[in-house]
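Everything on this sheet refers to the single structure shown next.
Since every read-out is calculated from the coordinates, none of them should be taken as a lab result. In this text the structure is predicted, and so the values were computed from the model without any measurement. Here the Cβ positions follow ideal geometry from the backbone for every residue, glycine too, while neighbour counts run over all protein chains shown.
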Amino acid sequence: MPNVLVTIPFSHFCEKARWALDLTRTPYVERRLVPPLHLLGTIPRGGRTTPLLVTEDGKRLTDSTDILRWLDDRSPGALYPRDRDERREVEAIEDQLDEVVGPAVRRLVYHAFFQSDVDVLTPIFRASSRGWQRSAAPVLSRVAKPVIRKAMKVNAAGAARSQAALEPALDALDRRLEGREYLVGEAFTAADLTLAALLAPFVRPEEHPVSGGLQLGVAALDADRDRYRARPSGKHAMRVYAAHR
Ligand SMILES: N[C@@H](CCC(=O)N[C@@H](CS)C(=O)NCC(=O)O)C(=O)O
């Protein structure tokens, strides 16, 4: 059995895992399922959220960080530094990104989508899938919208809370990046990959395998993109996509 990665294709946590698999040249099959169909891929495999990796030897990894650690165990040093102190720094930054930045970016992006007069979800579903899911994108996105809104508390109060959590986290990363090429040490690590993948919905790098090149035509989202691209953390995300994706 090959390694199987179950994804919501445009999810930034899924992009984190997919990038790490690609970077370590680990063969895998991606099962792309738009929400809420992802549950058909995750629940039977003993999970709920995506990414979920079933490894060729039958392990089920239900969290992006577990996937990166598993990959690094197989290719030591590919994602985490061999130096113990540097590794701890990378892991701490990754945890903070996963816990604060990832959820905040997701809610803010969905909030901007749902505020827009234009239907943004359908083109994203379409760009994400093939076959019948692609043909059914307008229906599936209509079904998904209220589910996402409720599950992720996508509303004005939630968006305000997320913005308040995101700003200090990005300020700290902006300061850390002053005068350095990478977040930790002298090389690209899981910290840089995680920052870039989790900011991708805002900065929209061309190299993104699902959303790269997708024109959404929503002025508010384009203004957000330009604002995030202008700060050091956003610039760093764009730079590591160009150099490492
Ligand atoms: N901490 C988890 C977060 C994963 C996560 O929140 N995945 C979202 C997509 S961005 C998901 O599958 N949501 C659908 C659901 O909860 O049913 C990880 O790093 O893997």
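Quick one: would you say R239 is without any contact (Cβ under 8 Å) to a residue 24 or more places away in the chain, surrounded by 14 or more Cβ atoms within 10 Å (Cβ to Cβ) and under 27 Å from D72 (Cβ atoms)? Talk me through it step by step, then tell me what you get.
On the way: without any contact (Cβ under 8 Å) to a residue 24 or more places away in the chain: yes; surrounded by 14 or more Cβ atoms within 10 Å (Cβ to Cβ): yes; under 27 Å from D72 (Cβ atoms): yes.
So R239 passes the test.
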Assuming Y80 fulfils every condition listed in (1) surrounded by 21 or more Cβ atoms within 10 Å (Cβ to Cβ); (2) of a type outside the set (A, V, I, L, M); (3) under 18 Å from the mean Cα position of the chain (by Cα) apart from one, which condition is it?
(3)
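Taking segment 195-222 as the region of interest, how many residues are among the hydrophobic types (A, V, I, L, M, F, W, C) and closer than 21 Å to D174 by Cα? Don't jump to the end; show me each part of the working.
Kept after step one, since they are among the hydrophobic types (A, V, I, L, M, F, W, C), are these residues of segment 195-222: 195-200, 202-203, 210, 214, 216, 218-221.
From what's left, closer than 21 Å to D174 by Cα: 195-200, 202-203.
Total meeting the criteria: 8.
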Kindly list, by first and then second residue, each pair from a residue in segment 46-73 that is under 16 Å from E94 (Cα atoms) and in contact (Cβ under 8 Å) with a residue 40 or more places away in the chain to a residue that is in a loop (DSSP other than H, G, I, E, B) and within 9 Å of the ligand (Cβ to nearest atom), limited to pairs with Cβ atoms under 6 Å and residues at least 6 apart or on different chains.
S64/P51
Odd one out for A164 among (1) farther than 19 Å from E15 by Cβ; (2) not in a helix (DSSP H, G or I)
(2)
Select from segment 185-204 the residues that are part of a loop (DSSP other than H, G, I, E, B) and more than 16 Å from A20 (Cβ to Cβ) and list them in ascending order.
G185, E186, R204
Among the residues of segment 108-118, which ones are surrounded by fewer than 16 Cβ atoms within 10 Å (Cβ to Cβ) and either in a loop (DSSP other than H, G, I, E, B) or of a type in the set (S, T, Y) (or both)?
D117, V118
